[in-house]
Every structure is written in structure tokens, then in C-alpha cells.
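The values are calculated or read from the model by the stated rules, or taken from the named source; none is laboratory data. Please read all numbers here as calculations on a predicted model, not as lab measurements. Cβ atoms come from the backbone with ideal geometry, glycine included; neighbour counts cover every protein chain shown.
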Amino acid sequence: MSVTIEKVDLSLKYTAYYKQVKEELFEGSSDILNDQRNKAFQSFVMQGIPTRKNEDYKYTNLHPSFAPEFAFVHSRTDEEANLQEIFRCDVPQLDTTLAFVYNGWFSKKSSAIDRLPEGVILDSLENISKERPELLSKYASLANPDEDPMVAMNTAFAKDGFFLFVPKGVVLDKAIQIINLMKGSSDLLVTQRNYICVEEGAKLQLLLCDHSENQNNYLSNSVTEVFAGSNAEVEFYALQNQHNKATSIHSVFVEQQRDSRVTTHTASLHGGLIRNNLKFILNGENCEANMYGISFLDKKQHADNFTQVIHAKPHCVSNQVYKNVLDEQSTGAFSGRIHVVRDAQKTNAFQRNNNLLLTDQATMQTKPQLIIDADDVKCSHGATVGQIDEEALFYLRARGIDEDKARLMMMNAFAHEVIQEIKLEPLRERIDELVDKRLRGELARCHECSYGKDC
Amino acid sequence: MLSIKDLYVSVEGMEILKGINLEVKPGEVHAIMGPNGSGKSTLANVLAGKEEYEVTSGSVLFDGEDLLDKAPEDRAKDGLFLSFQYPVEIPGVPMVNFLKSAVNEHRKHKGEKELTAGEFLKLMREKMDMVDMHPNLTNRSVNEGFSGGEKKKNEIFQMALLEPRLAILDETDSGLDIDALKTVANGVNALRSPERSAIVVTHYQRLLDYIVPDFVHILYKGKIVKTAGKELALELEEKGYDWIKTEN
Ligand SMILES: Nc1ncnc2c1ncn2[C@@H]1O[C@H](COP(=O)(O)OP(=O)(O)OP(=O)(O)O)[C@@H](O)[C@H]1O
Ligand SMILES: [Mg+2]
């Protein structure tokens, strides 16, 4: 019973809040964003904040995450003098075009966007939706508020985020790195809406890093839409590295046109509660979609990866490899849905989820779901939940390698399969290093920042 | 060097070794032969420190110290080496990292300076030549996709790198072609010295032509039922184990 009451209370709280700040939300925003707000909010109210009763959130109850008295950031705040000063993530030799999103707001001032090639746009969504609404209406249509309450909430509250456009045939030789920085003097709920469009034959490597300062409760609810035109190539890396009081809900929607290739890597190195929704629609023949995920959890951390691939056209390949290392009382979940529609013949769809439990208290839920309406397809899925291979451990120890180090080698080996797929070499090396640190029990954080004992 | 006294060992409540006594002195080579399932690998694994084997009574001293008390890694660093009958594949752990860690752990233990990457590679190449190992193998994960013979060579390669004082070879000769057998034997013989000893578990007299033992023991149903010189191996080759089985 208490759950129901809490549910009503929480929804009422956010309903009341929406009414209270409605004017602020509409103010300064483009029509294209404002037109959706009320409807999306109604949808959010109908669906409510998800509990385990919601089929798609079966393994993640978001209620506790929404309980704190959050402050929102509904307008661009005075920008910090220099975000690059606050953020010193040392990814050595990672020669990227660096941009910042600060509490959900794109920071033009701190971003090095003037050096981008001709025609490439990296700007604030607020700006672009006012100045170039045609760009948005052309592509933005993937995230449906009625299918997910968190998308609905995002659509109702979102005012900014980044907008990235790579025009036809442009190949970015430098990766773009976007730092999502959260910093506040109180508990903060951050809404961020991003659009990425990579046109026909264009090529993009994008790295998103989540980062939070100060020991507050943070809740980040972001929605990112990615459009890959025909023959486009996109590598999308998300590096999630937050403290234990942070909840991250990331929903990424990807549409692929024919002959395109999109690879996503989701590396969850640290965070209190992480929910990643990753939904692909392969909307042209000959597409390739690769989805990799690795997470390392300890204490009471929770990570839930929810993927969906819709094979809407024939001759496409999708490949998912998700791995979790769970220590202490951490909990993890993986749900992977593959839907092959009737005419999508010659589909190849693979999915694998491997999990390493380091303690008896850690738990992992894994749920594959295949919906196959075509007859000439190759699909496979597999999941394992296991401990470290004792035979292998003994072999290493019998050569003089002590137990802790041998375990570390084994855990690194487990993660290696996913990490080796990272094509951005300095990033791969950096993640290797972070993973090693993480597994040693040191914080996988940039050396400049420290959260103290709570992490 | 190694002194096993009245050793009883069980696995999952089943008694496998039933009172083993064995003395290995510095410089000696002991061969252990015996029918399948008699407990040879069990003995080897217990000496290396595998935890699933329960020592119910008896003692093992290595250099006068209680061996059974020590962790597997400490036994290894003290100079005990087991060449596994079935080396395990460890996908994702690169050979080079593994070997370098092993060598440097040994060096640290002896109070020597750790090898740099360059120094290690040089040492590795030298030993690889010695056991005629294909250089490509060190670019892979530990034993991953190695053929049966390559796995065995890899064991001897590791032995050559770690230079143990007591090497226990559990059927290292099985699955090797004639040339490889000689190479492996050469690898073992290269380590022979008045301070180093070996226990060679084998089913075939052939290996003992190359690694000439001082003693041959027959292990049967968890006990050493016969000990003699190298001529015992020849006798077994001729007569098989039937006479041992009827006597015991
Ligand atoms: N981990 C284990 N669990 C259960 N039984 C075991 C285990 N290890 C060994 N045994 C049993 O102990 C007995 C001795 O096995 P062991 O491997 O020591 O024999 P072996 O002399 O090395 O034989 P082979 O010549 O075939 O290699 C066998 O009956 C075997 O099945
Ligand atoms: Mg055996």
C-alpha cells in the first residue's frame, strides 16, 4: 500500500511543480520544443515514475531516485569562468574537439567549436531550434513520449542540450568530446535533450563523458536522438563516471539509413543508479549496428541496460555484447529486445550478455527477448552469470602471481573483449587504465577530483 | 629438498592418496609411473597447492619448511613448478603480461630488480628459442587456441623462464611429436644441476631415455608400491601393469 501512496505523492509533486514553473519552461524556448511540452507532460502523468510494475522497468525502481527535493535548472545560469578549469579529465593524447554541457545547458563559451570543419554545427539546442528549426523538424522524431515516462518527462522539461550536425560527406578527423558536467550547491535534477545528425556518407566519432562535482544528489534524465544517413559511420562512446548519489537515466535513440554503420560503447565505470535505454531502428538495407556495454559495480550500485533493435529492412546486421562485473551488494540488469519485422529477410542479429559476480550478495537479472516475424534470419542470444574461473586462477597463482593480482588479471580479461572494440585508441588505453584502477578498488576518476570516502 | 611423509589426500570425501612417502634430494630426478587414475596428478596438484584437495594427514616439507601451509604463489616463488597435465586456456589474459608478471614476482621475491619491458622481451626470446616455441604464440592469450603439443611446450617455456629448483612435470610428454619430445627433454636437462631436482610423471619409458631418472616409482591406488632404478621403466614397458595389479 505504501508504494501506491508514494507513487501518487511523487507524481503529484512533479505535477504541481510543472504547473508552477510552466511559464519559465515556455519562456525563451522555441515553438518546436514548446509545442510538445503539455502533451508530453500529460503522457508523463499517465505513466507515472516507473516502478518494477512497469514491464520495461521491471528491474529498476526509480521512485527512490525521484524522492529528494530537487532543484531544476530552467534557464542558462551564469557560466563558470572556465569549465575547462573545473574539469580536468586527463585522457592523455586524446586529441578531441572539446565541448561542455553544464547542468543540461550547452556552454558555447567553453567549447572549442570554432575549429570545426566547414558546415559542421555543434551548438545549443535552444539556439538551433530557434534559428534553424528546419534542421530539427527534418530529423527529430525518434523519441516517443508515450513509450517511456522518462522520455515524456524529458520532453516536458527539456530546454537545452547539444545539437550536432555533420553534413553530407564530411569526415571529422578529430573526435568530438562532450563533457556533461553537473555541479550545484543543492540536490539537482538535470534535463538534457540532444540531437545528432550525421548525413549521408559523413563520419563522426563522439565521446560523451558524464561527470559530477560535489556530494549532492543528482538526477540526470537525458534523451539523445541520433540519425545516421545512408553510408554514414558513427562511433558513439559514453563514459559514465559518477558518484554514488547520482542517478543517470540516459535514453538514446538511433535511426540508421541504408549502408550506414553505427557503433555504441557504453562504459559505466561508476555511479549510484544507472539506467541506459538504447533503441535502434535499422531503416534501410545493409546497415550494421554494434552495441557494446561494460559496467563495473560495487557497494549498492545498480546498472540497468535496456536495449532494443528493430530490424525494419532486410540484409542488416546487429551485434550486442554487454558485460557486467558486480562486486559487493551491487545489482545489475540487462534486457535486450530484438525485433525483426516481416520483410526484414536475411537479418543477422546477435546478442550476448556475460556477467561476473564477485560476491554471493551481488545479483544480476538478464532477459533476452526475440520477436521474429521474418523467416530467413539468423538470430542468437546468450547469457551467462558466473564467478571467476577457479582453474584459471590456480594456473596464474601456480606461476607465482598472488591471488589479488591474479583475480585482477582475470577481471581485466573478462572486460577485455568489450574494451578491445573501442576504436579510438587513446580512449581504449585510458579506459583500460580506468578499469584497472576501478578493479583495484581505487576510484576510476580523474586524479584531480575526489569524492572522499563516500564513493 | 622435498620430503613427503605418510600423505593422505581426499577429494569430495573420496580418499585418493593413501600414505605417500617420498624423499627427493637436491640434484635428483624421480620418475613416477602408474596406471590411469592412480593419483599421480593428484599428488602433483597437492604439491602445487590446489585447494580442492584435502590433506587429511601426513606432512610435506620443502627445504625444511612446511609446504602445505603455503599459498600456491608462495610455493612457486620458493622454487616449485608444476607443468600441468592439462594447461588451462585463459582468454583475455595476454601471454606477455602473464609471463612478465610471473617472472617479476619471482624476481621481487628473490630481492632482484624487476625486469623492464625490453629486458623481459629479450629474456623471453632467448627462452623461446630454447624450447623452439613459435613466436606468434606469445601474441595470444594464455594457451588460447594452442594445440595440445603447443600447450605442453608452453609449460616448459614457462619453466625455462622461472628456473625452478623443483620441477614437477605431469605427463609433459603426452601429445608431443618426437622432435618436440627431444626439445622438451633438452629444456629440462638444461636446468639440471646439483641443486635442482625434478619429479617426472609419465606413462612412457621413451621420455626417460632423454631425462634419465635416478629413481622410478610406481604409484598404484594412491600408494607407491614399488621403487627402483631406471630399469624399472623398461620392465614396465615390457610387462605392463598386470603384475603390479596382482601383487597389490
Ligand atoms: N577434482 C576431483 N574430483 C573428483 N575426483 C577426482 C578429482 N581429481 C581426481 N579425482 C579422482 O582421483 C583419482 C586419481 O586421479 P588422478 O588425476 O590423480 O590420476 P592420474 O594418476 O593422474 O591418472 P592419469 O594417468 O589418467 O593422468 C581418479 O579416480 C580421479 O577421478
Ligand atoms: Mg594425471
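Here is a check on your reading of the model: is B:P94 out of contact with any Phe, Trp or Tyr (no Cβ under 9 Å at 6 or more places or on another chain) and modelled with pLDDT under 95?
Yes; evaluated as a whole, the condition is true for this residue.
Across region B:1-27, what is the number of residues that are crowded, with 18+ Cβ neighbours inside 10 Å, under 17 Å from the mean Cα position of the chain (by Cα) and at pLDDT 95 or above?
So the answer is 4.
Scan region A:8-29 and report the pairs whose first residue is free of Cβ contacts under 8 Å to residues at least 60 places away in the same chain and whose second residue is among the hydroxyl-bearing types (S, T, Y) and outside any helix (DSSP H, G or I), with Cβ atoms within less than 9 Å and a gap of 6+ or a chain change.
Short answer, once both residue conditions are applied: A:E24/A:S75; A:E27/A:S75.
Could you check how many residues of region B:77-96 are facing chain A (nearest Cβ under 7 Å) and either outside any loop (DSSP other than H, G, I, E, B) or touching a Gly at 6+ places or on another chain (Cβ under 6 Å) (or both)?
6
Given the conditions (1) within 16 Å of ligand 1 (Cβ to nearest atom); (2) surrounded by fewer than 22 Cβ atoms within 10 Å (Cβ to Cβ); (3) in contact (Cβ under 8 Å) with a residue 40 or more places away in the chain, which single one is not true for B:K230?
(1)
How many of the residues making up region B:192-207 are more than 16 Å from ligand 1 (Cβ to nearest atom) and either closer than 18 Å to B:F84 by Cα or of a type in the set (V, I, T) (or both)?
Of the residues in region B:192-207, 2 are more than 16 Å from ligand 1 (Cβ to nearest atom) and either closer than 18 Å to B:F84 by Cα or of a type in the set (V, I, T) (or both).
So which residues in region B:83-97 are within 16 Å of ligand 2 (Cβ to nearest atom) and either touching a Ser or Thr at 6+ places or on another chain (Cβ under 9 Å) or more than 12 Å from B:G145 (Cα to Cα) (or both), if there are any at all?
B:S83, B:F84, B:Q85, B:Y86
From the list A:Q361, A:Q369, A:Q345, which one is under 23 Å from the mean Cα position of the chain (by Cα), surrounded by fewer than 17 Cβ atoms within 10 Å (Cβ to Cβ) and free of Cβ contacts under 8 Å to residues at least 40 places away in the same chain?
It is A:Q369.
Any residue at all in region B:107-117 that is at pLDDT below 95, of a type in the set (A, V, I, L, M, F, W, C), crowded, with 17+ Cβ neighbours inside 10 Å and more than 16 Å from ligand 1 (Cβ to nearest atom)?
Scanning region B:107-117 turns up no residue that is at pLDDT below 95, of a type in the set (A, V, I, L, M, F, W, C), crowded, with 17+ Cβ neighbours inside 10 Å and more than 16 Å from ligand 1 (Cβ to nearest atom).
For region B:41-73: of the residues being in contact (Cβ under 8 Å) with a residue 40 or more places away in the chain, within 16 Å of ligand 2 (Cβ to nearest atom) and in a loop (DSSP other than H, G, I, E, B), which is surrounded by the most Cβ atoms within 10 Å (Cβ to Cβ)?
Out of the qualifying residues, it is B:Y53.
So, in region B:74-86, exactly how many residues are buried (at least 22 other Cβ atoms within 10 Å of the Cβ) and within 14 Å of ligand 1 (Cβ to nearest atom)?
So the count comes out to 3.
Filter region B:31-40 for residues that are over 13 Å from the mean Cα position of the chain (by Cα) and either assigned to a helix (DSSP H, G or I) or surrounded by fewer than 21 Cβ atoms within 10 Å (Cβ to Cβ) (or both) and give the result.
Of everything in region B:31-40, those that are over 13 Å from the mean Cα position of the chain (by Cα) and either assigned to a helix (DSSP H, G or I) or surrounded by fewer than 21 Cβ atoms within 10 Å (Cβ to Cβ) (or both) turn out to be B:P35, B:N36, B:G37.
Could you list, in sequence order, the residues of region A:410-442 that are of a type in the set (D, E, K, R) and within 8 Å of chain B (Cβ to nearest Cβ)?
Correct list: A:E417 only.
Quick one: is A:R407 more than 29 Å from A:L208 (Cα to Cα), assigned to a loop (DSSP other than H, G, I, E, B), within 14 Å of chain B (Cβ to nearest Cβ) and not β-branched (V, I, T)?
No, not satisfied.
Identify all residues within region A:194-225 that are over 12 Å from the mean Cα position of the chain (by Cα) and farther than 24 Å from A:P426 by Cα; write none if there are none.
A:Y195, A:C197, A:E199, A:E200, A:G201, A:E213, A:N214, A:Q215, A:N216, A:N217, A:Y218, A:L219
Within region A:27-43, work out how many residues are under 12 Å from A:A158 (Cβ atoms) and either of a type in the set (V, I, T) or in a helix (DSSP H, G or I) (or both).
Going through region A:27-43 one residue at a time, the tally reaches 7.
Here are A:S248, A:S295: which of them is among the small types (G, A, S), crowded, with 24+ Cβ neighbours inside 10 Å and within 11 Å of the chain's Cα centre (by Cα)?
So the residue among A:S248, A:S295 that is among the small types (G, A, S), crowded, with 24+ Cβ neighbours inside 10 Å and within 11 Å of the chain's Cα centre (by Cα) is A:S248.
Tell me which of these B:D179 doesn't satisfy, since it passes every other one: (1) away from ligand 2 (no atom under 16 Å from the Cβ); (2) acidic (D, E); (3) assigned to a loop (DSSP other than H, G, I, E, B).
For B:D179, the exception is condition (3).
Could you check how many residues of region A:188-229 are part of a strand (DSSP E or B) and among the small types (G, A, S)?
Summing the residues that are part of a strand (DSSP E or B) and among the small types (G, A, S) in region A:188-229 gives 4.
Residues B:L181, B:L162: which one is in contact (Cβ under 8 Å) with a residue 24 or more places away in the chain, closer than 29 Å to B:D214 by Cα and within 14 Å of chain A (Cβ to nearest Cβ)?
Going through B:L181, B:L162 in turn, just one is in contact (Cβ under 8 Å) with a residue 24 or more places away in the chain, closer than 29 Å to B:D214 by Cα and within 14 Å of chain A (Cβ to nearest Cβ): B:L162.
Tell me, please, whether a residue that is under 23 Å from A:E23 (Cα atoms), outside any loop (DSSP other than H, G, I, E, B) and touching a Pro at 6+ places or on another chain (Cβ under 6 Å) can be found in region A:169-187.
Within region A:169-187, not a single residue is under 23 Å from A:E23 (Cα atoms), outside any loop (DSSP other than H, G, I, E, B) and touching a Pro at 6+ places or on another chain (Cβ under 6 Å).
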